[in-house]
1. Give, as a single signed number, the net charge of other residues whose beta carbon lies under 14 Å from the beta carbon of Gly264, with Lys and Arg counted +1 and Asp and Glu -1.
2. Restricting things to alpha carbons, find the Rg to Rh ratio for the range 344-438 using the Kirkwood radius for Rh.
3. Taking all pairs of distinct Cα atoms, average 1/r, flip it, and tell me the Kirkwood hydrodynamic radius of the range 240-378 in Å to one decimal place.
4. Taking the highest mean first, how do the peptides 291-298, 465-472, 274-281 order by number of other beta carbon atoms within 10 angstrom per residue?
5. When the Cα atoms of the range 249-302 are enclosed in a convex hull and the volume is divided per residue, what value in Å³ results?
6. When the dipole is taken about the Cα centre of the chain, and only Lys, Arg (+1) and Asp, Glu (-1) are charged at their Cβ, what size is it in debye, to the nearest 20?
7. Counting Lys and Arg as +1 and Asp and Glu as -1, each charge on the Cβ, what is the dipole of the range 118-212 about the Cα centre in debye, to the nearest 20?
8. Between Asp246 and Lys486, what FRET efficiency comes out of the Förster formula 1/(1 + (r/R0)^6) with R0 = 45 Å and r the beta carbon distance, rounded to 0.05?
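Quick note: the coordinates plus some simple rules give every number you see, no bench work behind them. On a predicted model such as this, the values are computed, not experimentally measured, just so you know. Neighbour counts run over all protein chains shown; Cβ positions are idealised from the backbone, glycine included.
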Amino acid sequence: MTDFIDAPTLKTMIRDAGENGAELALLDVRESGQFGADHMLHAVPCPYSILETRILSLAPRKSVPMVLVDAGDGTAQKAARRLSAIGYSDISILEGGNAAWAAAGFEVFQGVNVPSKAFGEVVEHDANTPRIPAEELNAMMARGENMVIVDGRTPVEHNRMSIPGGISMPNAEMIFRIHDLAPDPETTVVVNCAGRTRSIIGAQGLINAGLPNKVVALKAGTMGWTLAGFELDNGSTLRYPDEMSDSGAAKAAEYAADVMKTFGLGTVDRDTLVAWQADGDRSLFMLDVRAVEEFSAGHLPGSVHAPGGQLVQATDEWCGVWGARVVLIDSAPCARAAMTAHWLKQMGWDVHILEGGLTDSEAAEKGQPSQPVAGVVDVPAVSPAELEKSISAGAVLVVDVDQSMDYRDEHLPGAVWCPRSRIDRLQVPAGVQVVFYSEHETRARLAAIDLAEVTDTPIAVLQGGRESWRAANLPLEASPHTPPDKDCIDYLFWVSRRHMGSDDAARAYLEWEENLPAQIVADGDARFTVMTR
């Protein structure tokens, strides 16, 4: 039986997890837009629409104490039933949902990846991370100063838009790779991202590692660059060299060892790791922080790819249990793991590095493991050709359960959009079959579980999803304003608009980031301990 708890009780549980090392999986099962509008600091997003695709990664131990948060609309109860069927045994629900938390006077936060972004802001405040505005960087470039600009985001983000001349070097790679790009200690290193967090973390990371160069963060990143009236590059493929020089590799090893010693980072040997994997009383996340190419070429079975720079930026996308053990996996000299671990430790995680680094013989699993999906039931599938005939005959209700913006862009003729959490409200005409579809099949099969609970109507899914319909060259429709904004509970408009050229939205986003430390103080439950050399 699932228990309901009130907001003060949950507040106590969160504090216990922080102060006593107790484990807690606090999962917000609302959709992305709802979560981004307001949520608790330590809530981890796990949308009900894709619950079964995320839960085994976010909460690998099925006996972990778990609290579900929704909008007070019954979604948490649905999620609890699904989770119980999968085998989770200690589930509670916040009575009244997220609104009850706010009504109790506790702090709520906008945005996504808030713990990580708030941590970055606290780091800048406490460490006084050096930064320069776009105008100063532009002047330095015009003067031809001795400097290198490194972009701490992912290569994909860098390729989309970048500072002219900037080089893609994700944050965790910096202390590993920077030595060949800036061998001269007189070279100024400028770190940028799209906004603030990764600029701050990248720059302060190099400073914490003891790099002798002058290191600065580009204030407001690419957004600050465009707000200052300067043009960004699009399509840049500039990146760090694939091969390291002998001297660069030697320096990387030297700095990695120093970071581990200076910040007291722990390692774990193989026998202990095996014991931790078998420990039924403690959750474990094994995260490989190397570049994706290295992970695909070979990784430790059971490990998950979490490139270090992004793991620090979005820890809640990989780790859904506070109080869990985190083991970082890297190749020797473990520079990327060291830099990542030194940040995770400051964020309050019990983090360890695989001793000595991953060996070739241990990297037995190749490629990208498929994402586990729990609890999917068997549902009949209809081919695109069969569905087209049924649509023409008026014998079917076609339901798009994918993301609202995808529906606006293109959907099957006559299809209605309905998120999984609202499937039980779907109006189904008598005498028709319901066919669910999504880009592939997973979301559709999950939604079918919910409709089957409330109706005897025949249910099927589109075989191969919208992708197969498109491949068959069958017609698709667009509806730019349907569903209306108010129904798009899976889309966070205020964050997204900053990517659409809105200067006002960009300024509001930057202001939001800068205000996070004050909210952290008001919340009172952050586990941050900023450390510098």
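1. +1
2. 1.24
3. For the range 240-378, the Kirkwood estimate is 15.7 Å.
4. Most protected by this proxy first, the peptides run 465-472, 291-298, 274-281.
5. Hull volume over Cα atoms, normalised by residue count, gives 122 Å³.
6. 180 debye
7. I would put it at about 240 debye.
8. Calculated transfer efficiency: 0.15.
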